[in-house]
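Below is one structure; the comments refer to it alone.
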Amino acid sequence: MISRAGIYRARRISGLAGALLTPLCLVFVLVAVILSAHRQHSIVLGAETTSLDIMFSAGENYWRVDGPVELCQFGAMGAGVRNAEFACGPPLFKRTEIRGFEVKWTEGASLRLYADYTGELRIFMDNAPARFEDIDGTPYEVPPGSFVKMGPDTARKAGLFAFLGTASMGRPAGPNETNFIYDGSYEVRLPVNRWLFFGSDRDVTIKSGALVRGHTASIMKDAKNGPVLAEGFGHVALDRRDTGDYALSAVFVAAKDKTHLEVQQWGRSSPVVVRPNWIDVTLNSPFILGFLAIAALALSGAQVFYDALEALLDSDDKPRT
């Protein structure tokens, strides 16, 4: 039989535990949110687009294409041609038909990929690659401003073009623009510890959204002189859409850093900036949500125990007959 003094002590302990548990939970969650929000995250960007700009970083950036390809070597004075519809031939270009090619891209080399609705793929080279050879091993001089073009069968046979570097999807929307994003999506992923603040990490999606036709999208990171394109890895391939026309299916994953997504829309003077905040972390972190669920159960248990002790004291205070 529990004594009355023991019941009073248990009730005081239960009440104190309930009173302390709430602020302790809030402090703990606040610390977890602050630590999580300041962790480096990654952004995954995927889109069906007719235009993709790439700048290569250091690494194994090697592409191979088997099949008929037209090599258009730029030979005119001045800067390279930036019009994706420019014809391959004199006086600006020397046209050569080859049976495929192998190319190794140097660090800092940039190129632009364009795909039209018929499936023709063009790769414009703003910088000369480190090595460009046909399938037979014959080397070719490829000045900046040159491009290669291939049909849909050759492009799809080539499969994925993987790369390390930076990427920008789509071109600014405008009248009669044909190089744009059809649709796409993005995810912001945060590494979250499975067990408190130690143990292995797993990526959790804390923010996501959609891209619509006419958007341009780039993943950026802050630098001293303003935002710059974030490095990462990605791949691109020519795919046939449900409507029957062709587009580039591109995916880019930025390296873990304090990055943000910039989406340019038609009619806006400045891009829309998408970056995660503490609300995204709180609402999507399984660790924080799990801890809050356990804390709620503990508070409920403490309250039930306190109410039971109150009822027991009330029954003892009633006069016995």
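What follows is calculated from the coordinates using simple rules that are stated; it is not laboratory data. Quick caveat: nothing in here was measured; it's all calculated off a predicted structure. Neighbour counts run over all protein chains shown; Cβ positions are idealised from the backbone, glycine included.
How far apart, in nanometres, would the label points at ASP183 and TYR117 be if each is projected 7 angstrom from Cα along the Cα-to-Cβ direction? A separation of 1.7 nm, rounded to one decimal place. If a/c stays under 1.5 just call it rounded; otherwise compare a/b with b/c (prolate if a/b is bigger, oblate if not). Do that for segment 48-184, with a ≥ b ≥ c from the square roots of the Cα gyration tensor eigenvalues. Rounded shape, in that the Cα axes give a/c under 1.5. Across segment 42-275, the relative contact order, built from alpha-carbon pairs under 8 Å that are at least six residues apart, equals 26 percent. With the highest mean first, a sort of the peptides 108-116, 46-54 on other beta-carbon atoms found within 10 angstrom per residue produces 46-54, 108-116.
Neighbour counting of Cβ atoms within 10 Å sorts the residues THR118, THR106, fewest neighbours leading, into THR118, THR106. Stretched out straight at 0.36 nm per residue, the stretch from ALA237 to SER270 would grow longer than its current Cα-Cα span by 8.9 nm.
Please give the length that would be gained between ASP257 and TYR62 if that part of the chain were fully extended, namely 0.36 nm times their separation in residues minus their C-alpha to C-alpha distance (nm, one decimal).
Between ASP257 and TYR62, full extension yields 67.6 nm more.
If you only keep lysine pairs separated by 8 or more in sequence, or across chains, how many in segment 42-275 come under 28 Å at the Cα atoms? Lysine pairs meeting the criterion: 16. Its Cα centre serving as origin, segment 42-275 has a Cβ charge dipole (Lys and Arg +1, Asp and Glu -1) of approximately 640 debye. Taking a virtual spin label 7 Å from the Cα of TYR140 along the C-beta vector, which residues in segment 98-117 bring their backbone nitrogen under 13 Å of it? Those under the cut-off are 98-104.
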